[in-house]
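What follows is a short report on a single structure.
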Amino acid sequence: MMGQQRAAGPIRVAIVGPESSGKSTLARDWSRRLRELDMSAAWVEEYSRAYYADRPYVSSIADIEAIAAGQLAAEERAAEAGAGILLCDTTALTCKIWAEVAHGQASDALLALYRPRDYVLTVLACPDIPWEPDPLRSHPAQRDWLLDLHRQELARQGIAAVELAGAHEARLARAMAALLPLLPA
């Protein structure tokens, strides 16, 4: 199976979880660690940050759809640039959960962008680290509930995510251990 996935393009890794659970820090440091090992890895940054950089933070279904599409476009740009491993800092899964929490449901257009099987590995960051305030974060007391929503959706999709908890170095070591067996020899 890995040979088939590799031949079709880069190995895609989904890094998901509730807000302020260490996803971006993990993605940045994980990509650096892989490059230190001479592996072609790219950190696909969370697109919502770029999306809201020049506009007020308002959550509408149209905004969430645009963010999901932008996230996927960023993945495609990284793939076209030749990275062999894409570390995707959030995916359309986050957008789906965001739409359901903020608006009661995900739109058909958003669901069409939600492709959880595109990822060879999904890691789920646990919110057992201190919450850090941020203009795009709004649920400091509900991170465990949001984690459960991620777990439920991943289970519904039949995806066995690797949960990452604890100190940063432990998370990074567990992430590396989960990825390395999936790489082609």
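The values are calculated or read from the model by the stated rules, or taken from the named source; none is laboratory data. Remember, predicted model here, so these are calculated numbers, not experimental data. Neighbour counts run over all protein chains shown; Cβ positions are idealised from the backbone, glycine included. Accessible surface is based on the protein model in full, side chains and every heavy atom, while ligands, DNA and RNA are left aside. Shrake-Rupley method; radii C 1.70, N 1.55, O 1.52, S 1.80 Å.
Checked against (1) of a type in the set (Gly, Ala, Ser); (2) within 20 Å of Ala68 (Cα to Cα); (3) part of a helix (DSSP H, G or I), Ser31 passes all but condition (2). You will find that of Ser21, Ser59, the residue that is in contact with a Cys (Cβ under 7 Å, 6 or more places away or on another chain), modelled with pLDDT under 95, of a type in the set (S, T, N, Q) and not in a helix (DSSP H, G or I) is Ser21 and no other. Determine which single condition Ala125 fails, assuming it passes every other condition in (1) closer than 17 Å to Ile159 by Cα; (2) open to solvent by 20 Å² or more (accessible area, probe 1.4 Å). Result: Ala125 fails condition (2) only.
Only a single item in (1) open to solvent by less than 50 Å² (accessible area, probe 1.4 Å); (2) under 26 Å from Asp29 (Cβ atoms); (3) assigned to a helix (DSSP H, G or I); (4) at pLDDT 95 or above is not met by Lys96, and it is number (2). Consider the range 48-79 and keep the residues that are open to solvent by less than 60 Å² (accessible area, probe 1.4 Å) and among the hydroxyl-bearing types (Ser, Thr, Tyr). The one that is nearest to Leu182 (Cα to Cα) is Ser48.
Is it the case, given these coordinates, that Ala73 is farther than 28 Å from Ala165 by Cα, assigned to a helix (DSSP H, G or I) and out of contact with any helix residue (DSSP H, G or I) (no Cβ under 6 Å at 6 or more places or on another chain)? For Ala73, the condition - farther than 28 Å from Ala165 by Cα, assigned to a helix (DSSP H, G or I) and out of contact with any helix residue (DSSP H, G or I) (no Cβ under 6 Å at 6 or more places or on another chain) - is met. Of all residues in the range 34-56, which are over 26 Å from Gly104 (Cα atoms) and in a helix (DSSP H, G or I)? Result: Leu34, Arg35, Glu36, Asp54.
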